[in-house]
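Notes follow the structure.
The values are calculated or read from the model by the stated rules, or taken from the named source; none is laboratory data. These figures come from a predicted structure and were not determined experimentally. Cβ placement follows ideal geometry from the backbone for every residue including glycine, while neighbour counts extend to all protein chains displayed.
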Amino acid sequence: MYKSRTHLRLLKEWQPVDTVIQRLEGTGFELVHRINTDYRTTIDFLLALVDHYLVDMSCFIIGDQRITPMLDDVARITGFSIDDLLVIGQDYKADECPGIYSELLLSPRLLHPKNRCDVILKELQSFKDFPSVLVRTGLDPYVRAYVLYVIGCFLTPPRDHSSVSCMYLSLLRDVDAIRNYAWGAALLC
């Protein structure tokens with residue numbers, strides 16, 4: 001859980017600039033950048049939940065109570081949709097990942113050196129700083145990088161906590177369509 005905590009803290013520090021925030025509006029991820037200012041949830045609250053979550057039992061242990069979150073709880077706490085399209089990405093073969101990265105204007109250097117189908121979370125942080133002169137269409141790679149980082153450190157963190165699967169790239173191809181998926185439901189998987 002230590003690395004989950006680390007990524008959540010880093011997510012707290014990644015505050016997208018206004019132009020990226022505007023592009024995030026309507027994707028379902030617009031609340032993530034507000035997570036520390038929104039009255040519903042703070043990173044500290046999420047960190048406390050992480051500390052009390054038992055992965056093998058799929059529940060929180062608080063005191064002597066075992067609490068299993070339901071979809072409505074996830075929607076209420078996070079603001080992510082639970083009723084839209086299933087979050088089912090496309091599995092890519094290792095030799096396909098660099099091509100899809102180039103197509104989405106992301107750098108193949110973000111790919112894990114051993115498992116070419118995973119993206120290194122730490123490398124996605126290089127998108128935190130970008131030229132502010134980009135036009136709306138030029139923002140999509142940065143929006144994708146931010147959303148992919150949120151997926152990897154918050155929504156569906158992998159067991160090794162250092163990378164996120166490339167399978168989500170197919171869902172990020174059209175930034176305007178990101179809002180059509182039930183990201184809240186993916187949180188419970």
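Does GLY26 count as under 19 Å from the mean Cα position of the chain (by Cα), more than 15 Å from CYS153 (Cβ to Cβ), at pLDDT 75 or above and outside any strand (DSSP E or B)?
Criteria not met by GLY26.
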Checklist entry - Could you give every pair whose Cβ atoms fall below 8 Å, whose first residue belongs to the stretch 113-126 and is farther than 16 Å from TYR92 by Cα, and whose second residue is of a type in the set (D, E, K, R), counting only separations of at least 6 or pairs across chains? => result GLU123/ARG109
Checklist outcome for this item: Reported set for the stretch 44-69 where residues are loosely packed, with under 11 Cβ neighbours inside 10 Å and assigned to a loop (DSSP other than H, G, I, E, B) is GLY63, ASP64, THR68
Checklist entry - List pairs: first in the stretch 83-103 and surrounded by 11 or more Cβ atoms within 10 Å (Cβ to Cβ), second charged (D, E, K, R), Cβ under 8 Å, 6+ apart or cross-chain? => result ASP84/ARG179; ALA94/ARG116; CYS97/ARG116; PRO98/ARG116
Next on the checklist: Looking at the structure I just gave you, is ILE120 of a type in the set (A, V, I, L, M, F, W, C), closer than 27 Å to TYR142 by Cα, in contact with a His (Cβ under 7 Å, 6 or more places away or on another chain) and surrounded by 16 or more Cβ atoms within 10 Å (Cβ to Cβ)?
Outcome noted: yes
